[in-house]
Amino acid sequence: MILNTLTALEAGKLIKNREISVAEITKEALENIEKTDKNYKAFVAVCADEALKRAAEVQKGIDDGTYTSPLAGVPMAIKDNMCTKGILTTCASKILTGFKPFYNATAYSRLENAGAVLLGKLNMDEFAMGSTTETSFYGPTLNPWGENRVPGGSSGGSAVAVATEQAYYTLGSDTGGSIRQPCAFCGITGIKPTYGRVSRYGLIAYASSLDQIGPMGKNVSDIAEVLNIISGHDPKDSTSVNMAPLNISLNNDVKGKKIGIPSDWFGEGLESDVKARIMEAAKKLENMGAIIEEFQMPVIEYAIPAYYIIACAEASSNLSRFDGVKYGYCTPSFDDLTDLYCKSRSEGFGMEVKRRIMIGAFVLSSGYYDAYYKKALQVKAVIKQAFDKAFEKYDAILSPTAPTTALKLGENLSDPLKMYLGDIYTVSINLAGLPSMVVPCGFDSNGLPVGMQLTGKPFSENELMNIAYSFQQETDFHLKKPVIRREA
Amino acid sequence: MKITDEMTDYISELARLRLKDDEKEGVRSEMEKIINYMDTLNRLDTTGIEAMSHAFPVKNVFRKDEVHPSVNREEILANAPDKKDGAFKVPKTFD
């Protein structure tokens with residue numbers, strides 16, 4: 001039986017009905033990874049022994065009624081910036097060589113409590129700094145949709161593990177588009193929830209005021225179920241909002257929903273195929289009964305500089321904890337404490353991470369703080385106001401996720417600024433803390449997937465997912481699969 | 001804005017990073033390019049606008065002053081590159 005083509009909920013149902021055992025599905029998943037991942041490198045580490053042991057435990061828990069979730073027993077994997085107790089957690093960085101956390105990230109422990117089986121940890125840009133998964137210390141992950149194409153980033157491993165059907169669903173994290181852009185590049189579905197919806201406890205911080213964990217999967221129903229499990233207040237994260245876990249209900253009705261299209265986001269730099277697919281999706285939603293209207297949202301041009309100032313500033317502060325003393329990589333020879341810090345950090349961090357730490361140190365440094373950091377926080381307020389105004393009129397905003405489809409390997413790696421500019425449609429949403437999701441909506445002339453981005457007002461995940469769900473009931477883009485190369 | 005070699009050295013010092021000689025010029029010119037791009041923010045008039053740290057209002061979170069067991073010391077030290085007598089070991093910091 002080939003199980004991996006099932007959705008997470010379909011697999012969960014077979015487990016619940018005792019048509020398959022957790023051990024069977026886990027074993028099949030591990031064998032599939034063994035055959036497949038050589039060609040894509042989605043995983044940083046596969047924990048086969050732990051997964052098989054866990055499968056037996058979960059089966060017992062299902063049998064005795066401990067695990068009742070519709071996803072109980074379903075094998076999954078998570079981005080390597082989330083702490084997993086006793087399991088290697090590296091952020092795809094040399095500086096976390098050998099690091100095994102002594103606690104679980106809350107999002108993962110909630111899934112564990114619902115009976116999830118962890119297959120392994122997924123590749124990413126080092127410390128989630130990048131948009132292609134090429135800055136990983138372990139080397140790039142490859143997109144199954146095209147020869148030598150990047151999967152996007154930074155949650156590239158999380159996207160490819162789903163797109164190649166190695167994991168039934170995954171967790172990613174999104175600071176400036178790191179869930180959404182890889183979903184678009186790999187033709188899968190994902191959501192960055194409202195800031196504070198999911199606990200960040202145990203997520204290794206990049207930019208704390210922007211980071212948010214979210215699910216990535218094969219369709220809206222699957223990720224809605226994952227979000228139900230991982231959402232909700234956590235006393236261990238003081239920015240997690242005091243709200244009960246979500247209980248999303250999907251009803252395939254978009255009649256009368258007002259969806260705004262920011263027409264000034266469709267200008268220069270946007271590939272014509274991407275533009276065409278988004279406009280076709282808008283037409284589809286209109287035919288389904290939604291009211292589509294264009295509007296102007298000009299402040300977007302300031303989102304990238306404001307985002308990179310704020311994110312780098314927070315990163316320079318957050319990454320000061322990596323000092324060669326407490327965990328991870330330590331330089332073999334040093335003269336004194338400062339030398340130990342400097343050498344461990346310089347040898348342990350990759351170039352993009354160093355660059356962002358330095359930009360952050362600069363914008364926070366005496367004499368430049370007001371001109372850069374404070375200015376960026378003012379611009380953030382302006383951007384937030386612009387979204388507030390748009391949401392007075394609209395239930396959701398429909399836009400492209402990225403200006404292009406999946407890039408070729410190496411295309412942007414040599415030019416950081418060019419890579420930053422690719423984040424144009426995603427970063428403003430993190431600055432405003434909004435929920436935003438990506439749904440496949442077609443292909444470009446090279447056969448590469450295009451994803452549309454739907455953004456909502458704070459805490460409107462249910463409404464947003466309902467629009468996306470309705471779209472998937474009327475389209476089959478999310479059912480298309482790439483040809484996956486497996487060893488015999 | 002021009003980023004000089006001296007500034008690059010100063011910023012690396014702040015960040016506790018040491019760049020190799022052949023990395024310095026690359027980092028300097030990339031930073032200059034990126035920071036000049038960031039200067040586009042000056043085109044937006046933000047007079048009178050309050051700087052916003054958090055998109056939603058956040059307030060200080062307090063919890064009851066109750067004693068809870070802390071994490072086991074051995075577990076924390078398990079990842080330390082060097083340790084001694086239940087503590088992280090570092091080189092001598094003063095004479």
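The values are calculated or read from the model by the stated rules, or taken from the named source; none is laboratory data. Just so it is clear, the model here is predicted, and its values are computed rather than measured. Glycine also receives a Cβ, built like all others from the backbone with ideal geometry; neighbour counts cover every protein chain displayed.
Give the stretch A:342-355 a look and list any residue that's in a loop (DSSP other than H, G, I, E, B) and more than 8 Å from chain B (Cβ to nearest Cβ), or say none. Walk me through how you get there before you give the answer.
Here is the first cut: in the stretch A:342-355, the ones in a loop (DSSP other than H, G, I, E, B) are A:349-350.
Scanning the stretch A:342-355 gives a single hit, A:Gly350.
It is to be established whether one or more residues within the stretch A:412-419 are modelled with pLDDT of 95 or more and among the charged types (D, E, K, R). Let's see the steps before the verdict.
Step one: of the stretch A:412-419, the residues modelled with pLDDT of 95 or more are none.
Within the stretch A:412-419 (the criterion being modelled with pLDDT of 95 or more and among the charged types (D, E, K, R)), the answer is no, since none of the residues qualifies.
Every residue, every condition in (1) among the small types (Gly, Ala, Ser); (2) facing chain B (nearest Cβ under 9 Å); (3) assigned to a strand (DSSP E or B); (4) in contact with a Lys or Arg (Cβ under 9 Å, 6 or more places away or on another chain), yes or no:
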residue	(1), (2), (3), (4)
A:Glu286	no, no, no, no
A:Ile300	no, no, no, no
A:Ile304	no, yes, no, no
A:Tyr307	no, no, no, yes
A:Ala313	yes, no, no, no
A:Val325	no, yes, no, yes
A:Ser333	yes, no, no, yes
A:Leu340	no, yes, no, no
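Scan (1) in contact with a helix residue (DSSP H, G or I) (Cβ under 7 Å, 6 or more places away or on another chain); (2) of a type in the set (S, T, N, Q); (3) crowded, with 21+ Cβ neighbours inside 10 Å for the single condition A:Asn466 breaks and write down its number.
If we test A:Asn466 against (1) in contact with a helix residue (DSSP H, G or I) (Cβ under 7 Å, 6 or more places away or on another chain); (2) of a type in the set (S, T, N, Q); (3) crowded, with 21+ Cβ neighbours inside 10 Å, just (1) comes out false.
Restricting the search to the stretch B:18-63, which residues are at pLDDT 90 or above and within 19 Å of A:Ser209 (Cα to Cα)?
In the first step, residues of the stretch B:18-63 are kept if they are at pLDDT 90 or above; the result is B:18-52.
Correct list: B:Glu50, B:Ala51, B:Met52.
Run down A:Met358, A:Met288 and say which single residue is touching a residue at least 12 places away in the same chain (Cβ under 8 Å) and farther than 30 Å from B:Tyr37 by Cβ.
Result: A:Met288 is the single residue among A:Met358, A:Met288 that is touching a residue at least 12 places away in the same chain (Cβ under 8 Å) and farther than 30 Å from B:Tyr37 by Cβ.
Quick one: which of B:Thr8, B:Thr40 is hydroxyl-bearing (Ser, Thr, Tyr), surrounded by 13 or more Cβ atoms within 10 Å (Cβ to Cβ) and touching a Lys or Arg at 6+ places or on another chain (Cβ under 7 Å)? Walk me through it before giving the result.
Values: B:Thr40 fails: touching a Lys or Arg at 6+ places or on another chain (Cβ under 7 Å).
The conditions single out B:Thr8.
As an exercise: evaluate A:Glu294 against (1) in contact with a strand residue (DSSP E or B) (Cβ under 8 Å, 6 or more places away or on another chain); (2) touching a residue at least 40 places away in the same chain (Cβ under 8 Å); (3) outside any helix (DSSP H, G or I) and give the number of the one condition it does not meet.
Result: A:Glu294 fails condition (2) only.
Scan the stretch B:11-21 for residues that are assigned to a helix (DSSP H, G or I), closer than 24 Å to A:Asp415 by Cα and at the interface with another protein chain (Cβ under 8 Å from one of its Cβ atoms) and report the count.
Here the count works out to 2.
Give the residue, chosen from A:Glu474, A:Glu487, A:Glu411, A:Glu461, that is surrounded by 21 or more Cβ atoms within 10 Å (Cβ to Cβ) and touching a helix residue (DSSP H, G or I) at 6+ places or on another chain (Cβ under 9 Å).
Matching residue, one of A:Glu474, A:Glu487, A:Glu411, A:Glu461: A:Glu461.
Can you name the condition, by its number, that A:Phe443 falls short on among (1) out of contact with any helix residue (DSSP H, G or I) (no Cβ under 8 Å at 6 or more places or on another chain); (2) away from chain B (no Cβ under 14 Å)?
That leaves (1) as the condition not met.
Which residues, taken from the stretch A:364-381, are more than 7 Å from chain B (Cβ to nearest Cβ) and more than 28 Å from the chain's Cα centre (by Cα)?
First, the residues of the stretch A:364-381 that are more than 7 Å from chain B (Cβ to nearest Cβ): A:364, A:366-371, A:373.
Answer for the stretch A:364-381, where residues must be more than 7 Å from chain B (Cβ to nearest Cβ) and more than 28 Å from the chain's Cα centre (by Cα): A:Ser366, A:Gly367, A:Tyr368, A:Tyr369, A:Asp370, A:Ala371.
Let's see how each residue does on (1) in a loop (DSSP other than H, G, I, E, B); (2) among the basic types (Lys, Arg); (3) surrounded by fewer than 20 Cβ atoms within 10 Å (Cβ to Cβ):
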position: A:Trp145; (1), (2), (3): yes, no, no
position: A:Tyr201; (1), (2), (3): yes, no, no
position: A:Leu210; (1), (2), (3): yes, no, no
position: A:Ile229; (1), (2), (3): no, no, no
position: A:Pro235; (1), (2), (3): yes, no, yes
position: A:Thr239; (1), (2), (3): yes, no, yes
position: A:Asn247; (1), (2), (3): yes, no, yes
position: A:Gly260; (1), (2), (3): no, no, no
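Output the number of residues of the stretch B:79-95 satisfying the condition of being in contact with a helix residue (DSSP H, G or I) (Cβ under 8 Å, 6 or more places away or on another chain), in a loop (DSSP other than H, G, I, E, B) and closer than 18 Å to A:Tyr329 by Cα.
Looking only at that region, the number is 2.
Only one of A:Gly433, A:Gly451 is within 23 Å of A:Met129 (Cβ to Cβ), within 18 Å of the chain's Cα centre (by Cα), away from every other protein chain (no Cβ under 14 Å) and crowded, with 19+ Cβ neighbours inside 10 Å; which? Don't jump to the end; show me each part of the working.
Working: A:Gly433 fails: away from every other protein chain (no Cβ under 14 Å).
Unique residue meeting the criteria: A:Gly451.
Could you tell me whether any residue of the stretch B:22-32 is assigned to a loop (DSSP other than H, G, I, E, B), more than 7 Å from every other protein chain (Cβ to nearest Cβ) and exposed (fewer than 11 other Cβ atoms within 10 Å of the Cβ)?
Scanning the stretch B:22-32 turns up no residue that is assigned to a loop (DSSP other than H, G, I, E, B), more than 7 Å from every other protein chain (Cβ to nearest Cβ) and exposed (fewer than 11 other Cβ atoms within 10 Å of the Cβ).
If only one of A:Arg200, A:Arg149, A:Arg180 is within 14 Å of chain B (Cβ to nearest Cβ) and of a type outside the set (Asp, Glu), which one is it?
Unique residue meeting the criteria: A:Arg200.
Does A:Ser317 fit the bill of being free of Cβ contacts under 8 Å to residues at least 40 places away in the same chain and of a type outside the set (D, E, K, R)?
Judged against the criteria, A:Ser317 is not a match.
Considering only residues of the stretch B:44-78 that are touching a Gly at 6+ places or on another chain (Cβ under 7 Å) and in a loop (DSSP other than H, G, I, E, B), which is nearest to the other protein chains (Cβ to nearest Cβ)?
B:Ala55
When you scan the stretch B:21-37, how many residues do you find that are more than 15 Å from A:Gly367 (Cβ to Cβ) and in contact with a helix residue (DSSP H, G or I) (Cβ under 8 Å, 6 or more places away or on another chain)?
So the answer is 9.
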